[in-house]
Amino acid sequence: MSFKQDTRVSGRIQPSDYLRVLSRRRWLAGATFTLVFVCLGIVSLRKTPLYEAATQVLIEKDSRASGVLNAGSRDGGPWPDADGFYQAQIGRLKSRALAWRTLETLGLSSAPATSEREPAAAAARLSEGGWLGRLAAWLGAPRAILPLAGDETIWQSSRIDAFLDALTVAPVRNSRLVRIRYVAPDPVVAARAVNALADAYVAQSVSLRAFASQEAQAILIAQVADQKHRLEASEQALQSHREKHGVPARTGPADSAVARTLSDMSAELMRARGDRLARDLSHQILKAVRSDPAKVATLPPVVSNVAIQALTREIADLKSQDAVLAADFGEKYQRRKDLSAQIALKDAELQSHLDRVIESARAEYEQAKARESALAADLDARIRQSVTTDQAVVGDMALDREVAGNRLLYENLLARVSSTGAAGGYAGAIVQVVDRAEMPRVPIFPDRGRDLLIAGLTGLLLAVGLAFGFEYLDSRIKSAEDIKNHLHVPFLGLIPAVRNRRITGPAPLLDRGVPPAFSEAVRGIRTSVMFSPVTEGARTVVVTSTAPGEGKTVVCTNLGQALAQVGLRTLVIDGDMRRPRVHDVFGCTQEPGLSNVLVGAADLQAAVRPAAHPLLSLLPAGLIPPNPAELLASPRYQRVLEALAQEYDWIVVDAPPVMAVTDAAVIANGVGGVLFVVGSAMTPRRNAQLALEQLVAARARVVGAVLNRAQLERHGSYYAEYYRKDYSHAYARSR
């Protein structure tokens, strides 16, 4: 026994064992791999390709904001917080209003036709019926077009949600650029969608800035009219005073201390009045746009408020979740009720923060107004206290300064109205599209190369797994290693299976032109049996198997022929008196035979007949008796064997299968040895073990086992350790 055989017997597993398993299960593994690879490949090919288009937008703070708005902020700019500014802009790009405007631009906002609304309305009525209606809708009923919060229908909400799901907005690191990406099955739609969104965002930015300027301009115009009335009243008072007191125009003690004091107080009063007007303007703007969230979001006090920005984003997220749930569930769904409560709570909190901002602006306005009133009262008190000889002159100068201050404030307001109008018509580059999206040419999904690689790996793993799984679950004896490791008997050799078209006669025999591999295998078994430790003198070998159909008769008859070919007188006895086949293999009559001899109906010499080879004789089964086991267990059978042993060198007995009947155990008792035939991939290990246990219980000496019907042509590599086709072909040619 070679080293490799020793290691295999000791239980070690060699790498070649795995290769033999794969070789034996190659059809299963190959079919599995092909099926999995083809199926996954078809799935990959059937996936809808997705194309991604991208554009970049430059977002900058506008340093040319109107002076009126600057008056309401002490930070000198409309966007004091850079992080809050860019987060607000990204939120605008992801807003539902901007998404719907983009869908309108693309022509994807049209509602379903009337024929589509009728089943949708029916589905809506079903959904009102509780869980049964929702189940029907889930099974495929069309969704209804019902209004949602924010004047959206379920259909519109689903369109917007689908658009936002395919949209990605992300800032470019360390820059003022924002990258907008959109994924769609159509490359043209992807490019158009991302460009339309960028254009809508630019247009929205310009319109919001124009609206803020228009609101400020309207309030300024009202303040100009009021200031004009004040200027006219002050001029009329000055003129009346001069006429009453006879004071000439542009006269007065310029170096008078009282006049200088009154002049300073008047200038301070004018500054306080200008501050009060600016505060009033900021307060009026906040009150005017309080009910419009889109307009409020553009005002500096709101943008600079981190709490308001955070609440705005949270409300938008909650409304988006509510819109998604509304598409699948009714109004009574508990999760929607919870979301509605959260939205109401967040709205109330947002309004509270807005009220605080407005209240803060109002407080600043009231403070400026109180300061103006205090300065005016102080100035009046000083004027009343200046009862001097030049009281008329001082009063004239005070009125003159009041007129000058009112005129200056009036001119400033006119200038602001002009600048605000210019800012309202200015469409500057706060937002610029840097790179417009081009139509993508290569899809980003699916990655067919990666999919095919995964399909190949998956198919390979599954094929190998199934091959080894079936091999593990297959308990049939298929190789010499199975005989050694599980039956624990010597392995005498294997006999290849022979196709029927290659033989002449009912069974393959050495003298009937069988393939060289078959002949060499039988000769190898003959050699093993001849050198086996059987009884000296006339040697008797019983050939049996576990179950019918494993080829024991073929092994028995060919072993008899092989022994005769080496010059040994050999007798083949058909001991299977239930299903005899030896007479069919050799083409002779069944009677008289062994059963006739045992019952005394025929003479032994008359029952034994010659075969084609001069040293080979046959003893058929004879007439099938009703009690073959009793005949084989009788003393007469032992006397027949003893008589035959005097005339022949080898006696080969074809016995019935062990597990089928008890005849084999009876015949095997007391003979020289038992040759156990195992059909390749036919006999379960447990059945063969039980058969050997019965033979051992009958005190039979098992010479070894033969693996019959090995599929060398189909699984040549599986038996490569014990059979090489090229060797047998080489010797066949030499002969």
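The values are calculated or read from the model by the stated rules, or taken from the named source; none is laboratory data. Bear in mind that the values here come from a model prediction, so they are computed numbers and not experimental data. Neighbour counts are summed over all protein chains in view; Cβ atoms, including those assigned to glycine, are modelled from backbone coordinates with ideal geometry. The area values use the complete protein model at the heavy-atom level, side chains included, leaving out ligands, DNA and RNA. Shrake-Rupley method; radii C 1.70, N 1.55, O 1.52, S 1.80 Å.
Here each label is just a point 7 Å from Cα along the line to Cβ, and for GLU268 and ALA377 those points are 1.5 nm apart. For region 647-717, rounded, prolate or oblate, judged on the Cα gyration tensor with a ≥ b ≥ c (square roots of eigenvalues), a/c < 1.5 rounded, else prolate if a/b > b/c? Oblate.
What FRET efficiency would be calculated for the residue pair ALA310, LYS47, taking the C-beta separation as r and a Förster radius of 41 Å, to the nearest 0.05?
On the way: r = 40 Å, r/R0 = 0.97.
Efficiency, rounded to the nearest 0.05: 0.55.
Apply 1/(1 + (r/R0)^6) to the Cβ-Cβ distance of ILE444 and SER360, taking R0 = 45 Å, and write down the FRET efficiency to the nearest 0.05. Don't skip to the answer; put the middle values down first.
Values: r = 49 Å, r/R0 = 1.09.
Efficiency at R0 = 45 Å is approximately 0.35.
In this rough spin-label picture, where each label sits 7 Å from Cα along the Cβ direction, the LEU19-ASP186 distance is 5.8 nm. The simple spin-label model puts a point 7 Å past each Cα toward its Cβ; for LYS337 and ILE624 those points are separated by 8.3 nm. For ARG362, the solvent-accessible surface with a 1.4 Å probe is about 80 Å², rounded to the nearest 10.
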